[in-house]
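The values are calculated or read from the model by the stated rules, or taken from the named source; none is laboratory data. Computed from a predicted structure; not experimentally measured. Neighbour counts run over all protein chains shown; Cβ positions are idealised from the backbone, glycine included. The protein model used for the area step is the full one, side chains on, heavy atoms only, and it has no ligands, DNA or RNA in it. Shrake-Rupley method; radii C 1.70, N 1.55, O 1.52, S 1.80 Å.
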Amino acid sequence: LQLPDDRDRVKDIGIARLIQGDPERAREPFRLVTRIDPKYADGWVNVARAAMAKQAVDDATAAIEQAFRVYADRKAAPHAKAFFFRAIARRNSPGGDFAGAEADLREVLKTFPRDREAHRRLADVLFQQDKYQEAIDVCDAFMKIDAQDWEIWYWAMRAYQALGDEPRAAAAKAAHDKYRPDDDFTNRRGPTLLEDPNIHRLAQPIHVHVESGVK
């Protein structure tokens with residue numbers, strides 16, 4: 001194997017499988033990357049991503065901590081992606097390390113202040129710590145980026161409810177209900193999808209690009 005080209009090609013196979021919603025098959029290419037180059041921190045981060053997608057929190061935690069050890073050995077600053085996935089592992093660990101997750105997410109936002117998912121997850125972990133006003137502040141910052149995100153309105157609603165601010169809680173709930181996904185959409189589009197197998201196939205997260213007999 002020739003590094004880093006072969007290492008990155010193997011990683012790309014794992015990324016493709018992960019994007020297609022198949023984290024189980026993504027794990028082996030990601031693990032192979034760490035055997036090709038154990039000092040490649042991003043390889044360990046991707047192992048953690050696949051493990052987290054399978055709800056294997058212990059495996060994800062072990063992998064992400066190995067990534068941070070590699071960064072430390074190289075005397076390199078961890079990438080924001082490493083902080084983000086460590087935050088997710090900490091948040092989902094037994095009992096929830098919400099303070100640790102908060103610290104990691106704030107590191108992510110130092111580098112990527114407009115990162116939407118980091119804002120959502122930070123609002124969550126702040127709420128879990130009863131830091132309701134701080135959660136609202138994060139929601140307010142996010143709404144300057146996207147005022148139509150249903151999940152951030154959810155955390156704003158929960159925080160206002162916890163503070164006893166019923167008028168703002170009601171307003172946040174109204175916004176949440178307005179922007180959230182239509183729960184009945186899948187059922188209503190079902191007949192249309194079933195009429196044309198090709199349209200139905202395009203709705204799947206995993207698909208093939210060429211298939212015999214399909215025009």
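Could you list, bin by bin from short to long, the percent of Cα-Cα pairs of the chain in 10 Å steps?
P(r) over the chain, rounded to whole percents: 8, 24, 28, 24, 13, 2, 0.
Given the C-alpha centroids of the stretch 113-132 and the stretch 27-88, what is the distance between them in whole angstrom?
22 Å
Separation between the Lys110 and Ile199 pseudo-spin-labels, each 7 Å from Cα along Cα→Cβ, expressed in nm?
5.1 nm
Determine which lysines satisfy two conditions relative to Lys54: a Cα distance under 21 Å, and not lying fewer than 8 residues away in the same chain.
By straight Cα distance, Lys54 reaches Lys11, Lys81.
Out of the total accessible area of the chain (probe 1.4 Å, heavy atoms of protein only), what percent is carbon and sulfur?
C and S fraction of accessible area: 52 percent.
Using only the Cα atoms of the stretch 1-114, construct the convex hull and provide its projected area averaged over every direction, in square nanometres to one decimal.
Averaged projected area of the stretch 1-114's Cα convex hull equals 7.2 nm².
Among Met143, Met157, Met52, which one shows the highest mean-square fluctuation when the chain is modelled as a Gaussian network with alpha-carbon springs under 10 Å?
Met143
For a protection proxy built on the mean count of beta-carbon atoms within 10 angstrom, sort 80-92, 23-35, 103-115 highest first, please.
Result, highest mean Cβ count within 10 Å first: 80-92, 23-35, 103-115.
I need the P(r) histogram for the stretch 69-154: all alpha carbon pairs, bin width 5 Å from 0 out to the longest distance, whole percents.
3, 16, 25, 22, 18, 9, 4, 3, 0
For the chain, what is the accessible area per residue in Å², given a 1.4 Å probe and the full set of protein chains?
Roughly 58 Å² per residue, with all protein chains present.
Ordering Lys54, Lys75, Lys39, Lys11 by how much accessible area each has at a 1.4 Å probe, largest first, what is the list?
Correct descending sequence by accessible area is Lys75, Lys39, Lys54, Lys11.
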